[in-house]
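The structure appears right after this line, and notes come after that.
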Ligand code: AMP
């Protein structure tokens, strides 16, 4: 089973209380694919500039990620800078430098067309829809979005939402999208737009899954040290989609287990800067933490 991931491949500058790094590997598709790679073969569609270090591609490929859909264009790679303050809950975007990402128009290589699981990371909703139109018959497709598209491209966003089975979104965006501050009601309103499965990420407060079977709450794993929250949401999506794709079932139980795997992958992601924690992370550590999650909430 494979998972198709479409989104940014980036070079990030991060400032956090634990330190600062410059021009490190980032991007929603990178985080999502690497988290998914512990469960399935991830196929990435993205673009880099000609300044993108080969070693980053080699690192992703070494995790078994298929990069046939990542093109190299003339120009600069998408660059993003973020700063976290002591609480780590709030992030300030320092810059967004689109570079070659400005003209990104995802084209699926022929071997990606039969992908049965698809994750559309945060890109223009029209481009997300373009990917859905190319994929022949995905069994489960989910997407992310951001405030920029909610504010500026609502009609396009609603059209795309009507075509996906799942939305993975953070709490503030869920409120902004619906104009409803109560998250249970906001999820109802989102489900009325199309997606039957809605996951609301709440940072250090965990995640809520809303689907036909009701609501399921996953805590965030209590960590003693968080170095860099960047990519937590995308790692969550990768763990969630990867676990779903590897099991093949879309039952309520499978969705709930996948939410816990998403939470596990997000918890590892934030332990180090950039994608560094994934350089050593093993599937055994993932399964171990999955069991710790069970003990965390059993009573
Ligand atoms: P997250 O912390 O889950 O929101 O993901 C952060 C990652 O998303 C970073 O590695 C950035 O490179 C990437 N990113 C930030 N802004 C954007 C954007 N507007 N479009 C696509 N990717 C972005």
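Derivation of every value follows stated rules applied to the coordinates shown; laboratory data play no part. Quantities reported herein were computed from a predicted structural model and do not represent experimental measurements. When we count neighbours, we look across all protein chains shown, and the Cβ atoms used for this are built from the backbone with ideal geometry, even at glycine.
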When a/c reaches 1.5 or more, the comparison of a/b and b/c decides; with that in mind, is the range 26-172 rounded, prolate or oblate per its Cα gyration tensor?
rounded
Antiparallel DSSP bridges in the range 3-113: what percent, to the nearest 5?
45 percent
State the volume of the convex hull built on the alpha-carbon positions of the chain, expressed per residue in Å³ and rounded to an integer.
122 Å³
Among 66, 144, 276, 188, which comes first, second and so on when ranked by fewest other beta-carbon atoms within 10 Å?
188, 276, 66, 144
Ranked list, fewest to most other Cβ atoms within 10 Å of each Cβ, for 210, 148:
148, 210
Inter-probe distance in nm under a simple model that places probes 7 Å from Cα toward Cβ, at residue 249 and residue 72
4.4 nm
At a 10 angstrom cut-off on C-beta neighbours, averaged per residue, how do the peptides 198-205, 68-75 rank from highest to lowest?
198-205, 68-75
Just for the range 2-296, what percent of DSSP beta bridges are antiparallel, to the closest 5?
40 percent
Euclidean distance between Cα centres, the range 130-182 to the range 233-253, Å:
18 Å
What FRET efficiency do you get for residue 162 and residue 185 if R0 is 35 Å and r is their Cβ-Cβ distance, rounded to the nearest 0.05?
0.95
Computed FRET efficiency, Cβ-Cβ of residue 90 and residue 217, R0 25 Å: what is it to the nearest 0.05?
0.65
Fraction of antiparallel bridges per DSSP, the range 149-249 only, in percent to nearest 5:
65 percent
Can you compute the modelled spin-label distance between residue 23 and residue 98, with each label point 7 Å from Cα toward Cβ, in nm?
2.4 nm
What helix-only [θ] at 222 nm does the chain give? Using -39500 (n - 2.57) per DSSP H run of at least 4, over all residues, to the nearest 500, the answer is -11000 deg cm²/dmol
With the cut-off at 1.5 for a/c, could you classify the range 131-203 from its C-alpha gyration tensor as rounded, prolate or oblate?
prolate
The chain: most fluctuating residue of 131, 184, 44 per GNM, C-alpha cutoff 10 Å
184
Can you put 269, 32 in order, fewest other beta carbons within 10 Å first?
269, 32
